[in-house]
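Accompanying notes for the structure given below.
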Amino acid sequence: MKQNNQAAREELSLPDAAARDEHIAPAPRVSVQAFCENVDTAAAIQAAGEDRRLAKAHLRIQMGGLTAAIEAYQNSPTPNVIILESENRSDDILAGLDQLANYCDAGTRVVVIGRMNDVMLYRELVRRGVSDYLISPVDVLQIVRAICGLFSAPDAKPVGRIVAVVGAKGGVGASTVAHNIGFSIAHDLKLDAVVTDLDLAFGTAGLDFNQDPPQGIAEAVFSPDRVDTAFVDRLLAKCTDHLNLLAAPATLDRVYDFGADAFESIFDSLRATVPCVVLDVPHQWTGWTKQTLVGADDVLIVAAPDLANLRNTKNIYDFLKTARPNDRLPRYCLNQVGVPKRPEIKAADFAKALDEESMTIIPFEPQIFGAAANNGQMIAEISSGHRTAELFRQMAQQLTGRSELKKQRSGLLSPLLEKLLG
C-alpha cells in the first residue's frame, strides 16, 4: 500500500458534494477493484464508474468487504486501486488491513470506507499507507473525487480544464464566441490557454487570430502514435503571451473521418500542460463530437433566437444533463440577438423551455464583429471598452471560476513604471 501524502484531516466529516462546480481531473488508465459490504455502497461505486472522469478506469465490484479482498489477493496480483468497505470496529479494520498488506503489490493504493467518524482511526490508516478514508454512506461524486485524487498532486493547482463551445445550429457564431472567450481567458485573466479548432475542413481560428501556422491539429490526429505533450507543444502557434492556438488546416485535400476516441490523446496532452483549453467544436453529431462534449469539464451551447436553435439547444442540453449527471449543468448563450426586422424568440421563452436562464445575451453588432473578423482580431482588440468585450470577459470568468485580475490604480508614476517594467 502506498501512502498518499495528503495533510491529515483533523475532522473527517466530509463537506457536501455540491461540487458540480469543482474541477476534478480525470483518472488515467488504471484498474480499480472494490469490495463492498453494503449494496448501496456498491451501487454508488458502480455509478461512479460510469462517470466521464473514470471512463479510462477498469472497475470491478464484488461483495464481501475486507475478508473477500484478503482471500482474492492471496494468489492474485493487486490492482492499482483497492476500495474496501468495512462496517467493523477500528481494531478489526486495522487488523484486516495488516493481513491484506502481506499480499499487496508495491504501488497499490487503498481507499477505505467505514462508518466511524474517528480521527484516531484515520491517523492509523494513514500511518499504514491507506490513501483515503471515506465515511459511509458515500455518494457518487465522493467516489469519483477519491479515485481521481489519487493520481493528481494534492498541492498542485487544478490544471487541464476543458471548455467545449458548440453551436446549436450552423452559422450562429459559436466559433467567434469560442475564440473571444479564449482570448479573454488569456488576456484578461492572465491564464495560459489554448484555443483548439476542431473543424479541420472549414475552421476559422487561424483567420480570426491572423495566424497561418504550418502545422496544427491535423498532424496530431493523423499521427496518434507520436502524440505526447512535447509533440503537441510543437504544434501550437503563439498568439499572445498567454494564448496559443492549435489550428485546423482548413483544406479539403483529405477526408476528415475520425473514430470516437481520435482526439483523446491530444486532449490528454493538453490537459497535462495547459490550465485552460477552449475547444471550438463544429456543429455536427458524430461519435467524436459526442465524446468531446461529454468529456469536457464545461460545455457552452451558442444559439441564435429562432425555433430551430431552441429545439437543438434543448436536445443537446437534455442529452448532456443525462450523460453528465455529476457535472455542472451545460450552459447556453444567445448570440446575434436583435437583428432588425427578424422575428425572434425571446430569451424568457428560451429559459422557460430549458428551465435554465441563458449565460448571457450577445447583441447583434455587425460593424464591430465584421471589423474584427476582417482584421483577424478579437472584439477586445478592436475596442476593449465595448460592451460586447465586457460580456466575453464575464463569460471567461464564469467558465473558469476565476475573477478578473484587478487593475492597478493609475498614478503619477504609472507611465514611468510601465516603461521600466516593459
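Computed from the coordinates by the stated procedures, all read-outs in this text should not be read as laboratory data. These numbers were taken from a predicted model, which means no experiment stands behind them. Cβ coordinates were reconstructed from backbone atoms using ideal geometry, including for glycine residues, and neighbour counts include every protein chain displayed.
Worth a mention:
- Taking Q291, Q74, Q33 in turn, the Gaussian network model of the chain (Cα-Cα springs below 10 Å) assigns the largest fluctuation to Q74.
- Overall Cα dimensions of the stretch 161-400, principal axis frame, Å, largest first: 50, 40, 34
- For the chain, no complete DSSP H run has alpha carbons reaching 30 Å or more along its own long axis together with a mean Kyte-Doolittle score of 0.0 or higher.
- Scanning the chain for trypsin sites (Lys or Arg not before Pro) in DSSP loops with at most 11 neighbouring Cβ atoms within 10 Å leaves 30-253 as the longest stretch between them.
- 21 Å Cα-Cα threshold exceeded, pairs from K56/K169; K314/K352; K169/K321; K321/K352: K56/K169
- Globularity ratio of the stretch 211-347, using Cα Rg and 2.2 N^0.38 Å: 1.21
- Note on the chain: GNM, Cα springs under 10 Å; of S90, S223, S131, the largest mean-square fluctuation is that of S223.
- Modelled spin labels at I61 and R311, positioned 7 Å past Cα toward Cβ, are 3.9 nm from each other.
- Max mean-square fluctuation residue, GNM over the chain, Cα-Cα springs under 10 Å, options D118, D51, D268: D118
- Placing pseudo-labels 7 Å out from each Cα toward the beta carbon at D212 and A260 gives an inter-label distance of 4.0 nm.
- Only Lys, Arg (+1) and Asp, Glu (-1) charged, at Cβ; the stretch 161-400 dipole about Cα centre in debye: 640 debye
- Distant-in-sequence amide contacts of L134, defined by a placed amide H-H separation under 5 Å and a gap of 5 or more residues or a different chain, comprise V112, I113, G114.
- Global form of the stretch 189-244, assessed from the alpha-carbon gyration tensor, a/c cut-off 1.5: oblate
- Note on the chain: Cα Rg divided by 2.2 N^0.38 Å, N the number of residues, gives 1.12.
- All-pairs Cα distance distribution in the stretch 28-148, expressed in whole percent, bin size 5 Å: 2, 12, 25, 26, 21, 12, 3, 0
- The chain - charge dipole about Cα centre, Lys and Arg +1 at Cβ, Asp and Glu -1, debye rounded to 20: 780 debye
- A Förster radius of 30 Å, combined with the Cβ-Cβ distance separating E356 from Q284, puts the computed FRET efficiency at roughly 0.80.
- Gained length - E344 relative to H386, 0.36 nm times residue gap less alpha-carbon distance: 12.7 nm
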